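Notes for the one structure printed next.
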């Protein structure tokens, strides 16, 4: 495993398991397989409705708590709930603290929620803070008022959409980019790009492993999701080779090809109407 040094000097495993769209049972099984395969980072969220399953997997793993980096996200429906929203999240996970707490969507009173997260950080309930799906103008809005600048921003990021402008903007703050769907939203076209096919053959890897290695060398946190134990293990088998500068430059030529996620005002307004009962999860 390789690690990222965050802007508060905390260390974060560069790769973790994503649990988006997994049922509690699937999450518990996948997280258990990931921890057994050497993963040190599990990512979840209020809205995934599987935080308790992540907590169960951690509890039964036998791994010391300080050896597992746990990320979760607050949903907009609890942005104005104050510290009880953080405490409820910890209770579902069965943990005294989380390593990364993230605001999930850029709607609602996210500035009030950021202040709550700063309070939780100072209280030792949270060890790093992040933003998810925030466009640059709203990231700037948070940074402007924040006492604690974001340690992480999680966004769409892959070789077709490498987020170079956002990286440049965040660099002075030492804020790390994390890629959800680091393999391009399941796009076979990305995996079949000639550059990845050729490099996979050269290094004895799969195209997916080459892409994940590209992310690592870009300094991007990655959270590929899988329910398949073999795929989970394969996704972590990326630390025994390195791409050359020339190979990284060849991959860079794909940047700007396409993105998959379009953030619309209609969608954001819809998120405000979604108010799950997070404590109803299994």
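Filter the stretch 91-115 down to the residues that are more than 19 Å from residue 154 (Cβ to Cβ) and touching a helix residue (DSSP H, G or I) at 6+ places or on another chain (Cβ under 9 Å) and list them by number.
Residues satisfying the conditions are 91, 92, 94, 95, 96, 97, 109, 115.
Residue check: is residue 77 at pLDDT 95 or above and within 18 Å of the chain's Cα centre (by Cα)?
In short, no.
Listed here are the residues, each with its yes/no results for (1) touching a residue at least 40 places away in the same chain (Cβ under 8 Å); (2) farther than 21 Å from residue 33 by Cβ.
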{"site": "73", "(1), (2)": "yes, yes"}
{"site": "95", "(1), (2)": "yes, no"}
{"site": "99", "(1), (2)": "yes, no"}
{"site": "118", "(1), (2)": "no, yes"}
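Given the criteria out of contact with any strand residue (DSSP E or B) (no Cβ under 8 Å at 6 or more places or on another chain), modelled with pLDDT of 95 or more, surrounded by 14 or more Cβ atoms within 10 Å (Cβ to Cβ) and under 30 Å from residue 89 (Cα atoms), does residue 215 qualify?
It is false that residue 215 is out of contact with any strand residue (DSSP E or B) (no Cβ under 8 Å at 6 or more places or on another chain), modelled with pLDDT of 95 or more, surrounded by 14 or more Cβ atoms within 10 Å (Cβ to Cβ) and under 30 Å from residue 89 (Cα atoms).
Do you know which residues across the stretch 45-56 are within 20 Å of residue 150 (Cα to Cα) and assigned to a helix (DSSP H, G or I)?
Answer for the stretch 45-56, where residues must be within 20 Å of residue 150 (Cα to Cα) and assigned to a helix (DSSP H, G or I): just 46.
Considering only the stretch 56-64, I want to know if a residue exists there that is under 19 Å from residue 130 (Cβ atoms), without any contact (Cβ under 8 Å) to a residue 60 or more places away in the chain, surrounded by 23 or more Cβ atoms within 10 Å (Cβ to Cβ) and touching a helix residue (DSSP H, G or I) at 6+ places or on another chain (Cβ under 6 Å).
No, because not a single residue in the stretch 56-64 is under 19 Å from residue 130 (Cβ atoms), without any contact (Cβ under 8 Å) to a residue 60 or more places away in the chain, surrounded by 23 or more Cβ atoms within 10 Å (Cβ to Cβ) and touching a helix residue (DSSP H, G or I) at 6+ places or on another chain (Cβ under 6 Å).
Could you count how many residues in the stretch 7-31 are in a loop (DSSP other than H, G, I, E, B) and crowded, with 20+ Cβ neighbours inside 10 Å?
Taking the stretch 7-31 as the starting set, the residues that turn out to be in a loop (DSSP other than H, G, I, E, B) are 7-10, 14, 16, 19-23.
Retained after the next criterion (residues that are crowded, with 20+ Cβ neighbours inside 10 Å): 14, 16, 19, 22.
Residues flagged as in a loop (DSSP other than H, G, I, E, B) and crowded, with 20+ Cβ neighbours inside 10 Å within the stretch 7-31 amount to 4.
For the structure I just gave you, tell me whether residue 181 is surrounded by fewer than 21 Cβ atoms within 10 Å (Cβ to Cβ) and at pLDDT below 95. Before the answer, list the steps.
Numbers: surrounded by fewer than 21 Cβ atoms within 10 Å (Cβ to Cβ): yes; at pLDDT below 95: yes.
Against the criterion (surrounded by fewer than 21 Cβ atoms within 10 Å (Cβ to Cβ) and at pLDDT below 95), residue 181 qualifies.
Which of the residues spanning the stretch 33-44 are within 18 Å of residue 90 (Cβ to Cβ) and either assigned to a helix (DSSP H, G or I) or free of Cβ contacts under 8 Å to residues at least 60 places away in the same chain (or both)?
42, 44
Here is a yes/no grid of residues against (1) part of a helix (DSSP H, G or I); (2) out of contact with any strand residue (DSSP E or B) (no Cβ under 6 Å at 6 or more places or on another chain):
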{"residue": "58", "(1), (2)": "yes, yes"}
{"residue": "71", "(1), (2)": "no, no"}
{"residue": "77", "(1), (2)": "yes, yes"}
{"residue": "84", "(1), (2)": "yes, yes"}
{"residue": "92", "(1), (2)": "yes, yes"}
{"residue": "95", "(1), (2)": "no, yes"}
{"residue": "116", "(1), (2)": "yes, yes"}
{"residue": "131", "(1), (2)": "no, no"}
{"residue": "134", "(1), (2)": "no, yes"}
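Considering only the stretch 137-163, state which residues are part of a helix (DSSP H, G or I) and either under 17 Å from the mean Cα position of the chain (by Cα) or closer than 21 Å to residue 187 by Cα (or both).
Listed by number, the list holds a single entry, 139.
Just to be sure before I move on: is residue 159 surrounded by 19 or more Cβ atoms within 10 Å (Cβ to Cβ), at pLDDT 95 or above and under 27 Å from residue 273 (Cα atoms) in the structure I sent?
In short, no.
Taking helices (runs of 4 or more DSSP H) that fall entirely within the stretch 174-282, which contain at least 2 residues that are within 24 Å of residue 129 (Cα to Cα)?
Numbers: elements: 188-191, 194-203, 207-217, 229-236, 245-252, 265-273.
Fully inside the stretch 174-282 and qualifying: 207-217, 265-273.
Looking only at the stretch 240-257, decide whether some residue is under 30 Å from residue 93 (Cα atoms) and either touching a helix residue (DSSP H, G or I) at 6+ places or on another chain (Cβ under 8 Å) or modelled with pLDDT of 95 or more (or both). Let's see the steps before the verdict.
Within the stretch 240-257, the first condition is being under 30 Å from residue 93 (Cα atoms), and the residues that meet it are none.
Within the stretch 240-257, not a single residue is under 30 Å from residue 93 (Cα atoms) and either touching a helix residue (DSSP H, G or I) at 6+ places or on another chain (Cβ under 8 Å) or modelled with pLDDT of 95 or more (or both).
Given the structure, is residue 1 in a loop (DSSP other than H, G, I, E, B), touching a helix residue (DSSP H, G or I) at 6+ places or on another chain (Cβ under 7 Å) and over 14 Å from residue 73 (Cα atoms)?
no
The values are calculated or read from the model by the stated rules, or taken from the named source; none is laboratory data. Predicted model, so just to flag it, every value in this text is computed and none were measured. Note that each Cβ is placed from the backbone with ideal geometry, even for glycine, and that neighbours are counted across all protein chains shown.
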